[in-house]
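Taking it in order: structure first as structure tokens, then the write-up.
The values are calculated or read from the model by the stated rules, or taken from the named source; none is laboratory data. Predicted model, so just to flag it, every value in this text is computed and none were measured. Cβ coordinates were reconstructed from backbone atoms using ideal geometry, including for glycine residues, and neighbour counts include every protein chain displayed.
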Amino acid sequence: MRIEDGRESSNVEDRRGMRFGGKSIGLGTIVLALVAMYFGVDPSIVLQGGAPAVSVERQGPAPAPPADDAAARFVSQVLADTEDTWRELFKRNGMQYHDPKLVLFSDATPTACGTGQAAMGPFYCPGDQKVYIDLSFYRDLQTRFRAPGQMAQAYVIAHEVGHHVQNQLGIADKVRQLQSQARDQAHVNALSVRMELQADCFAGIWAYHAKRTRQIIEQGDLESALTAAAAIGDDRLQRQTQGRIVPESFTHGTSEQRVRWFRRGFDSGDLRQCNTFSGPV
């Protein structure tokens with residue numbers, strides 16, 4: 001990626017190394033939260049019920065990352081580029097885009113959705129409109145998921161920002177309402193899959209504009225993003241972890257679906273092409 005000279009976002013909070021008071025969340029609660037995410041349940045339900053809210057011992061807002069932190073600087077530059085894309089797209093449609101915050105943390109941090117844990121991977125919390133990421137996930141992305149490269153890392157951020165776009169457009173609220181009325185867990189999961197695939201498509205839209213407007217996407221970057229999307233498909237993860245595939249428990253989509261919807265956003269750059277809620281996915 002040709003992003004080294006790009007601007008950095010002012011919307012990054014660095015909570016790494018900050019200590020938190022209160023009771024720590026237990027391993028059992030982490031497992032329950034992961035199971036909840038796996039089956040399409042809002043993890044905040046488990047997190048808020050399984051451990052009390054924690055408080056930050058340090059007073060005042062979290063600082064920006066240090067200027068000499070290359071990894072944090074990269075995340076900040078990617079976030080800034082998503083801001084440029086979505087501000088312009090919202091403006092074209094007569095709307096105003098409100099930037100999300102991105103929180104860097106280590107191990108655990110309080111959120112409006114409960115206590116966030118590094119073991120859960122990157123996530124978006126609609127309650128405070130913040131993206132949370134422990135940068136150790138990028139090590140897992142390269143080693144466990146075999147998806148190296150800066151573009152794979154950028155895809156992760158763009159996907160979570162895609163959830164913020166859904167929140168801004170009112171899509172997330174509508175889906176949560178439909179899930180509350182669902183007849184069974186399989187239907188809840190199916191709606192979750194459509195949400196996740198749309199976030200992949202929105203990530204592809206960001207990449208479309210990053211390439212054509214600001215020329216930061218280089219040869220091989222698309223393949224890096226597609227490798228990451230394929231690596232975290234439900235079917236592949238289930239096969240790796242439990243040796244069998246259970247389609248009705250999918251919450252994010254298959255590897256093929258995730259690649260296809262990211263590619264659809266990347267090829268079109270058009271929000272109208274990301275309607276995952278109409279027809280088959």
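Answer yes if at least one residue in the range 186-195 is within 19 Å of the chain's Cα centre (by Cα), under 30 Å from F90 (Cβ atoms), assigned to a helix (DSSP H, G or I) and small (G, A, S), and no otherwise. Yes - at least one qualifying residue is present in the range 186-195. Got a sec? Which of R183, R214, R244, R239 is in a helix (DSSP H, G or I), of a type in the set (D, E, K, R), more than 17 Å from the chain's Cα centre (by Cα) and at pLDDT below 95? Only one candidate qualifies: R239. Any residue in the range 259-273 that's in contact (Cβ under 8 Å) with a residue 24 or more places away in the chain: show its pairings with residues that are β-branched (V, I, T) and assigned to a helix (DSSP H, G or I) at Cβ separation under 6 Å, as long as the two are six or more apart or on different chains. Correct list of pairs: G265/I205; G269/I205.
Among strands (runs of 3 or more DSSP E) entirely within the range 106-167, having at least 3 residues that are under 16 Å from the mean Cα position of the chain (by Cα) and crowded, with 19+ Cβ neighbours inside 10 Å singles out 130-133.
Any chance the range 153-176 includes a residue that's free of Cβ contacts under 8 Å to residues at least 40 places away in the same chain and of a type in the set (S, T, Y)? No, every residue in the range 153-176 fails to be free of Cβ contacts under 8 Å to residues at least 40 places away in the same chain and of a type in the set (S, T, Y). Scanning the range 61-95 for residues that are more than 19 Å from A203 (Cα to Cα) and not hydrophobic (A, V, I, L, M, F, W, C) yields P61, P63, P65, P66, D68, D69, R73, G94.
A search for C-beta distances below 9 Å between a residue of the range 92-114 that is of a type in the set (G, A, S) and any residue that is surrounded by 14 or more Cβ atoms within 10 Å (Cβ to Cβ) and part of a strand (DSSP E or B), counting only pairs 6+ apart in sequence or on different chains, returns A108/F20; A108/T115; A108/G116; A108/Q117; A112/C125; A112/K130; G114/C125. Residues that are within 18 Å of R15 (Cβ to Cβ) and in a helix (DSSP H, G or I) within the range 75-105 comprise V75, S76, L79, listed in sequence order. Among the residues of the range 207-221, the ones that are small (G, A, S) and in contact with a Phe, Trp or Tyr (Cβ under 9 Å, 6 or more places away or on another chain) come to 1 in all.
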